[in-house]
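Single-structure report; data block below.
The values are calculated or read from the model by the stated rules, or taken from the named source; none is laboratory data. Everything quoted here is computed from the prediction, not taken from an experiment. Glycine gets a Cβ as well: all are built from the backbone with ideal geometry, and neighbour counts include every protein chain shown. Note: areas computed on protein heavy atoms with side chains; ligands, DNA, RNA excluded. Shrake-Rupley method; radii C 1.70, N 1.55, O 1.52, S 1.80 Å.
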Amino acid sequence: AAQIAPVAVSSDTIELTRRSVQSDTSKPSDVALNPDEKFAKEFEVVLNQFLKDLSAETVSYKRDRRILKEVISPYNLEGTENAEKSYKAFKDDIAPTLRQKGQKIIDLFQKSDVAIVSLLKDKPEDVREKLLSAWGGVKKEQLNGVIDFLANEERLIAAHEKLLKFYFVHSKLYSVDPEAGAVVFKNQKYQEEEKRLLDEIENIRDYGKKED
């Protein structure tokens, strides 16, 4: 997996790409483009579509990831039955779904590789090299952030699973205080272990925020 820094279609990135594929004497938009300019525009469209899709998939992932906070809410953990249900739902459904969505983000890079290679297949070698270099720069910049983001997300998912398993295994040893919205253990040792697991989750979240 990988840690995904949120991505956006930055004007700097788009302008850098545009400069790499267009000549300094590009014609006004109301004049018909020559074949080279038309091709450069097509290449730019592919890059911008990649950035748009990457941003959309990342936003979608973060929206679905909100369920992590809900699943460890004390109100969903009262009693052994609820604790077991929350743990199994997380392990069998929530965690796999989030991992699949993370993989969809990674798959966008391969999809764009295929599209760009196809677009360049009939072009002269010097043109291919120049534009593959432009794509490589955009890809490297975005992929580094995606890998970091998803790596942190994997740590976050694993930490939630560990906490939910802890609640399930010790479900007969705590009660839920509805007013405080907190799990209360009879044994101080388990209360401290719960705090350690919650702190671990918070630290992973804080790291992700710093990377954003």
Of the criteria (1) modelled with pLDDT under 95; (2) open to solvent by less than 20 Å² (accessible area, probe 1.4 Å), which one Leu156 fails = (1)
Residues in region 53-69: is at least one open to solvent by less than 30 Å² (accessible area, probe 1.4 Å), small (Gly, Ala, Ser) and touching a residue at least 60 places away in the same chain (Cβ under 8 Å)?
-> no
Residue by residue through region 156-171, note down the ones that are over 19 Å from Gly208 (Cβ atoms) and either without any contact (Cβ under 8 Å) to a residue 24 or more places away in the chain or among the hydrophobic types (A, V, I, L, M, F, W, C) (or both).
-> Leu164, Phe166, Phe168, Val169, His170
Within region 51-143, helices (runs of 4 or more DSSP H) holding 3 or more residues that are in contact with a Leu (Cβ under 7 Å, 6 or more places away or on another chain) | 79-89, 95-120
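Residue-by-condition table, conditions (1) open to solvent by 70 Å² or more (accessible area, probe 1.4 Å); (2) within 24 Å of Arg63 (Cβ to Cβ); (3) of a type outside the set (A, V, I, L, M); (4) modelled with pLDDT under 95:
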| site | (1), (2), (3), (4) |
| --- | --- |
| Leu150 | no, yes, no, no |
| Glu179 | yes, no, yes, yes |
| Gln188 | yes, no, yes, no |
| Ile204 | no, yes, no, no |
| Tyr207 | yes, yes, yes, yes |
Cβ-Cβ below 8 Å, separation at least six or inter-chain, first residue in region 191-212 and farther than 18 Å from Pro74 by Cβ, second small (Gly, Ala, Ser) and not in a helix (DSSP H, G or I): which pairs?
-> Glu211/Ala5; Asp212/Ala5
Do we find that Arg128 is open to solvent by 70 Å² or more (accessible area, probe 1.4 Å) and modelled with pLDDT of 95 or more in this structure?
-> no
